[in-house]
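Engineer: Please read through the structure below; I'll follow up with questions.
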Amino acid sequence: MKGPRSEEGAGLNARHGPAIVNILSEETFDDLTRLAAQLCSAPIAFIHVIENNQHYIKSGIGLEPQANPPDLPFFSHAILQSDVFIVSDVSIDPRFSTDPRVLSGPLRFYAGVPLMTDRGEVVGTLCVMGPSPKVLHPDQIESLRTAARQVTCRFNLRIQLAELKQNTQEGKLFRERLAAEHAITHVLAQSKTLSDAVPKILRIVCESLGWTIGIFWRVSDQVSALTCVETWQAPSANRSDFEALSREMIFEPNEGLPGQVWSHGAPAWIIDAAEEPLLARASLAAKEGLHGAFAFPVRGQNKILGVMEFFCSGKRKPDDSLLEMMSNVGSQIGQFMARKQAEETLVQWAAIVESSEDAIIGKTLDGIITSWNSGAEKIFGYSSEEVLGQPISILFPPERLNEFQEIQDRIAQGESVTHYETIRVRKDGKRIDVSMTISPIRDNAGKVVGVSSIKRDITGRKEMEKALRESEARKGAILESSLDCIITIDHEGKIVEFNPAAENTFGYRRADVIGKEMAELIIPPSLRERHRTGLAHYLAAKEKKVLYRRIEMTAMRADGSEFPVELTITRIHLDGPPLFTGYIRDISERKRTEEERDRFLIQERVARAQAEEARRHMAFLAEASTLLSSSLDYEATLSSVARLAVPYLADGCVVDILEEDQTVRRLAVAATDPSKEKIGKELIHRYPPDPGGKHPLQRVLRTGKPIFLPEITDAMLASVAQNEAHLKIGRSLGLTSAIIVPLLARERTLGAISFVLTDSGRRYCPADLALAEDLARRVGMAVDNARLYRAAQEEIKERKRMEDHLQFLASHDALTHLPNRVVFTDRLNQAVERARRYPKLIAVFFLDLDGFKEINDSFGHAIGDRLLKEMAERLTHSTRRSDTVARLGGDEFTLIIPDLSEAQNVTIIAQNIVNALAEPFSLEGYLFSVTASIGISLYPRDGTDAETLLQKADQAMYRAKKQGGNLFRFYSPPHVSDKN
C-alpha cells in the first residue's frame with residue numbers, strides 16, 4: 001500500500017469542488033456505491049466530497065436519515081492517502097478509538113479510496129463502512145480501487161463536459177460516452193445472465209460510439225484460449241464473412257489483437273487493421289473495408305475473463321480517453337461475471353437450510369441428484385462424487401420404484417411430503433428404514449424447479465418396535481437402552497412401566513408414577529377426557545385404528561410445561577386384560593427446525609418479492625434517467641417520461657411547470673384512456689388553480705412538499721371544485737388515489753408531477769410515494785439543467801453581440817457608422833499594395849462641408865448631426881460598392897476610389913458627388929443647402945503611400961475652399977497651384 005501524501009499537495013480546497021458538487025447528481029453514482037457495498041460485503045457505502053473544508057455526500061447506500069458520516073475523523077486521513085485507507089477495527093486503533101464521535105456511534109469498520117481528478121485535485125473519497133470489524137481480501141481491495149477509478153472517470157467526464165460545452169462537437173462526444181457508460185451500467189444492473197448482457201453492451205458501444213462490429217472473446221480455462229461467444233454488427237453492414245470467420249477462430253496468448261490484450265492485460269488500438277501484419281483477419285478486413293480497431297480486457301478478480309474487440313470502416317487515431325473509459329467498462333463486466341458465477345453457485349445450495357446428521361439431498365424434477373451432504377454419505381454409504389448426476393432411484397428397492405413417480409407428482413403440484421416412512425437401500429445393499437420430509441424448490445418466479453429432501457435413518461427404531469412386538473421377553477433391555485420414551489399402561493390407563501428416557505423427558509421418577517393414571521401426569525388437562533374416551537372406546541369396540549400409527553400430539557412435563565411429541569401405540573398380547581405400550585419421542589427440536597425452515601422460506605419469498613420490486617423500480621428509474629439525459633429539450637422529454645409512468649406507476653400522469661410569472665403551464669398529460677388525456681389538458685385552461693387556493697396542485701407548488709392521497713373521496717373533489725361543472729368533470733375521471741410531488745432544484749420549486757389511479761383497482765402506498773419522489777428529483781434536475789443550458793446559450797449570444805458592437809465602434813464613426821480614420825488608412829494601404837501588383841490608378845478625395853459651422857451654431861448640434869448623417873448617406877449612394885467612404889471627424893469626409901483605368905473617370909465621379917451634394921437637405925421643416933470643397937490626389941502621380949496621398953488631397957481641398965467652395969480640385973505642386 002502506498003504511503004500518504006502531504007497535506008500541502010493534497011488539494012483539499014480544490015478550485016473545481018463547487019463545480020463537482022453542483023453538476024453531479026447522486027443518481028450518477030448510485031450504481032457504483034451499491035456495487036462497492038456488494039463487493040466489500042459492507043452495509044454502508046457512499047461518495048464523500050470535500051470543498052473549502054465543507055463536506056458533502058453525493059450518493060449513499062445504507063445510511064440512516066440522521067446519520068452524518070462526514071463528522072467522523074477518518075476523512076482527514078483518507079483524503080491524504082494515495083491508495084486505499086482501511087481501519088479494520090476502530091476499537092483497537094489508537095488514532096480513532098478515543099474519538100467521542102466514534103465512541104457515540106456503532107461504527108467499527110471503515111475503508112476509503114481518495115478520488116483525484118485529471119488535474120491532480122483530490123475532491124473526496126469512496127467509502128464503505130460497517131458496524132463490525134472486518135478485514136478486506138485483496139480482491140475486495142482491488143475491486144474498491146476499480147470502483148473509485150470509475151467514480152473519478154465520471155468526475156472527469158462531467159468536469160470536461162461542463163468546461164467544453166461551448167464546443168459542440170467535443171461536448172457531444174463526452175455526452176455520448178457518458179450516456180454509453182450509463183447505458184452499460186444499466187444493462188449490467190438489469191441483466192440476469194452474461195448472455196443477456198453481452199449483446200446489449202456490444203450494441204451500445206457500436207451504436208453510441210460509431211463502431212461497426214463488436215466481438216466478445218471469453219477465456220476458456222479448459223483449452224487455455226480465447227473463443228468467440230458473441231458478435232454484433234450494424235444492421236446496415238454487409239460483412240457476414242468477417243463475422244463468420246471470427247466466430248470460428250480461437251486465439252492463444254499473444255496471438256492476434258485479442259491474444260495480445262489477454263496476455264498484456266491492457267487495451268490496444270490499431271489505426272488500420274488492414275495493414276496490421278499480426279492481425280490474422282487482416283486480408284478479410286481489408287476486403288470488407290474494416291480499418292480502425294481497438295480491444296480491451298474484461299477483468300475479474302485477479303484475472304482476465306475475456307476480451308472485447310471492435311472494428312469500424314474508417315481509420316481512427318488512438319483515443320486514450322475512450323480506452324480509459326472502456327477499461328473501466330471491462331472491469332464492470334468482469335465484476336458482473338464474477339458476481340453471476342457466485343450467484344449461480346448460491347442458487348444450487350439455496351434449498352439446503354442447515355447442516356444436519358440427517359441426509360439432505362437436492363435433485364431435479366427428473367430425479368437427478370444435484371447435492372449430497374455428509375449426512376447422506378453416512379446413512380447411505382455413497383460419496384458425493386459417486387452419486388452426483390445419478391438418478392435418485394439407485395436408493396430405491398425394486399418393489400418401491402412406483403413411489404418415485406407418486407412423490408414427484410405431488411412435488412410438481414407444489415405440495416410438500418412430510419414424515420413419509422419407507423425403505424431405502426444403502427451402497428452395501430443393506431435395506432434401511434427412513435423417515436422423509438420432501439419439499440419443492442422454487443425459482444424467483446415461484447416455479448417449481450427442483451426437490452429438496454431430508455431423510456432420517458429410523459432403522460433402529462423400527463427394529464426396536466418389531467422386537468417389542470415379537471418378544472416381550474426383551475422388553476427390559478430395550479426399555480433401559482431406548483432413546484425414546486417407552487410407557488406401558490393397563491386397561492385402566494394406569495402406568496405399569498416407565499423407562500429412563502421417559503424419566504428424563506417428563507421429569508418424574510419411575511417409582512413415583514407406577515400405578516398412577518397416565519392421563520393425570522403427562523396428558524395436558526385439555527386432552528385428558530379425550531384420552532380417556534378413546535381408551536374406553538377401544539376396549540369396548542376393539543377398534544385398532546390408533547395402534548401402530550405415528551401420532552403427533554402435545555404432552556406435559558412435571559413442571560407443567562407442554563411440548564410436542566410423536567407417539568406410536570402398540571398392544572402387548574398377554575392373557576387377561578390388555579396392556580398398551582406407547583413409544584414417545586420429544587420432537588420439540590424437529591418442530592423448531594421445521595418452523596425455522598418455514599419461517600426462512602417465507603422470509604426468502606418476501607425478500608425475493610421485495611428484490612424483484614426493487615429491480616423493477618430501478619429499471620423504471622434507469623429508463624426514465626435515460627430519457628431525461630437523452631435531450632436538453634425537456635418539454636419533449638417530459639412527455640416521454642409521463643408516458644413511461646403510465647401504466648407502470650399510474651393510470652394517469654400530468655406534468656405541470658411553474659413559469660416565471662408564477663402561472664402554471666401543463667406540459668404533458670398521459671393516460672391509459674386517451675379520452676381522459678384531452679380532459680386533463682383542457683382542465684388547466686378552463687379551471688386554472690388559484691395561487692392561494694386549496695387545490696392540491698397549488699399547495700404542492702406553494703409549499704414544495706408532496707401530497708399523498710391514498711384514497712380520494714367525493715368530499716375531496718367537492719372541496720377543490722370551482723363550480724358544479726368542474727365537480728362533474730372531476731367525478732367523471734373516476735379518481736381513486738393520487739400522489740403529487742414537486743419538481744425541486746436548488747431549493748426552488750420548478751413545477752409538479754401528478755400520478756393518479758382510476759380504474760385499475762390499485763391504491764397508492766408509501767413505497768409508491770418514495771418511487772414518485774425519486775422520479776420527481778430526477779425530473780427536477782433535468783428541467784433545471786436544461787434551463788441552465790438555455791440561459792448559458794443566451795448569455796453567449798448576448799456577449800457575442802456586444803463584442804461585435806464594440807468591434808464595430810472601434811472601427812467606425814459612432815454618428816454616421818462610416819469607417820473611421822483607422823479603417824480608412826488600412827484600406828488605403830491595401831489599395832496601394834494591390835495597385836503596385838496590378839497597375840491601376842487610385843483617387844483619394846478629401847471633403848470639407850461649406851458653411852456647416854453656421855448651420856450647426858444657428859440650429860443646434862442635433863440638426864448638425866442629422867445633416868452629417870444625411871451627407872454620409874448621399875456620399876455612400878454616389879459611390880461604388882468597392883469604394884470607401886469614411887469620416888475623419890467634424891465635417892471632414894474622405895473617399896478611396898480604387899482600380900481606375902484613367903484620370904478622366906475621376907473627374908466624372910467628382911462631378912457626380914458635387915451634383916449630389918448640391919440638392920437641398922430637408923430637416924424638421926427647413927431646407928438646407930450645403931456644398932462641399934473637394935480635394936483629390938492620385939496614385940501614383942501624387943504619392944505612393946497612404947499618408948502622402950491623404951496629405952495632398954487635403955492640400956487640394958484647401959485650394960478648392962479658397963476658390964469659393966462647391967467645387968473640386970486636383971492636387972498640383974505649389975508653383976502650379978499658385979499660378980492657377
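Bear in mind that the values in this text are calculations on the coordinates, not laboratory data. Because the structure is a prediction, the values reported are computed rather than measured. In this analysis, Cβ positions are derived from the backbone assuming ideal geometry, glycine residues included, and neighbour counts consider all displayed protein chains.
Engineer: Using only alpha carbons, build the gyration tensor for the stretch 299-442 and give me the equivalent ellipsoid semi-axes, biggest first, whole Å.
Structural biologist: Semi-axes, largest first: 49, 16, 14 Å.
Engineer: Give me Rg over Rh for the stretch 723-810, both radii from the alpha carbons and Rh done the Kirkwood way, two decimal places.
Structural biologist: 1.31
Engineer: How big is the Rg/Rh ratio for the chain, C-alpha atoms only, Rh by Kirkwood, two decimals?
Structural biologist: Taking Rh as the inverse mean 1/r over Cα pairs, Rg/Rh reads 1.21.
Engineer: So, one more: Let me check against my output: what whole-number percent is the relative contact order of the chain, with C-alpha pairs under 8 Å and at least 6 apart?
Structural biologist: Computed over the chain, the figure is 4 percent.
Engineer: Determine how many Å³ per residue the convex hull of the Cα atoms of the stretch 594-636 encloses.
Structural biologist: 44 Å³
Engineer: How compact is the stretch 70-165 by the rule of thumb for globular proteins, expressed as Cα Rg over 2.2 N^0.38 Å?
Structural biologist: Here the answer is 1.21, to two decimals.
Engineer: 222 nm [θ] for the chain, helices only, -39500 (n - 2.57) per DSSP H run of 4+, per residue, to 500?
Structural biologist: So the helix-based figure for the chain works out to -14500 deg cm²/dmol.
Engineer: Restricting to Cα pairs below 8 Å that are 6+ residues apart, what does the relative contact order work out to for the stretch 842-980? Please round to a whole percent.
Structural biologist: 30 percent
Engineer: If you take the alpha carbon radius of gyration of the stretch 612-790 and divide it by 2.2 N^0.38 Å, what ratio comes out, to two decimals?
Structural biologist: Its radius of gyration relative to the 2.2 N^0.38 Å reference: 0.97.
Engineer: As a footprinting exposure proxy, order Thr370, Thr533 by other Cβ within 10 Å, with the fewest listed first.
Structural biologist: By the 10 Å Cβ count, ascending, the order reads Thr533, Thr370.
Engineer: Something else now. In Å³ and rounded to a whole number, note down the convex hull volume per residue for the Cα atoms of the stretch 771-883.
Structural biologist: Spelled out: Cα convex hull of the stretch 771-883, divided by residues, is 194 Å³.
Engineer: Would you mind getting the Kirkwood hydrodynamic radius of the stretch 371-448 from its Cα pairs, rounded to one decimal in Å?
Structural biologist: Here the Kirkwood hydrodynamic radius works out to 13.8 Å.
Engineer: Could I ask something else about it? Output needed: percent of Cα pairs per 10 Å distance bin for the stretch 821-979, bins running from 0 to the one holding the longest distance.
Structural biologist: Per 10 Å bin, starting at zero, the Cα-Cα P(r) for the stretch 821-979 comes out as 11, 41, 33, 12, 2, 0 percent.
Engineer: Fewest Cβ neighbours within 10 Å first, please rank Tyr634, Tyr56 accordingly.
Structural biologist: Ranked by crowding around the Cβ, least crowded first: Tyr56, Tyr634.
Engineer: Around Arg762, under 13 Å between beta carbons, what's the net of Lys plus Arg minus Asp minus Glu among the other residues?
Structural biologist: -3
Engineer: While we're looking at this one, here's another question. What ranking of Leu733, Leu483, Leu638, Leu923 emerges when the number of other C-beta atoms within 10 Å of each C-beta is taken as an exposure proxy, fewest first?
Structural biologist: Leu483, Leu923, Leu733, Leu638
Engineer: For each pair in Lys134/Lys340; Lys58/Lys694; Lys172/Lys681; Lys853/Lys962; Lys705/Lys797, compute the distance between the two Cα atoms and list the pairs where it is over 26 Å.
Structural biologist: Where the Cα-Cα span goes over 26 Å, the pairs concerned are Lys58/Lys694; Lys172/Lys681; Lys705/Lys797.
Engineer: If you build the Cα gyration tensor of the stretch 184-347 and take the root of 5 times each eigenvalue, what three semi-axes come out, in whole angstrom, biggest first?
Structural biologist: 25, 17, 15
Engineer: Considering only the other residues whose Cβ falls under 13 Å of the Cβ of Pro133, what net charge follows from Lys and Arg at +1 and Asp and Glu at -1?
Structural biologist: Neighbourhood net charge equals 0.
Engineer: Now a separate question. Of Gln408, Trp217, Leu39, which is farthest along the charge dipole of the chain in the positive direction, counting Lys and Arg as +1 and Asp and Glu as -1 at C-beta?
Structural biologist: Value: Gln408.
Engineer: While we're looking at this one, here's another question. Under a Cβ-Cβ cut-off of 13 Å, what is the net charge of the residues other than Ile739 that fall near it, where Lys and Arg count +1 and Asp and Glu count -1?
Structural biologist: Computed value for this residue: -2.
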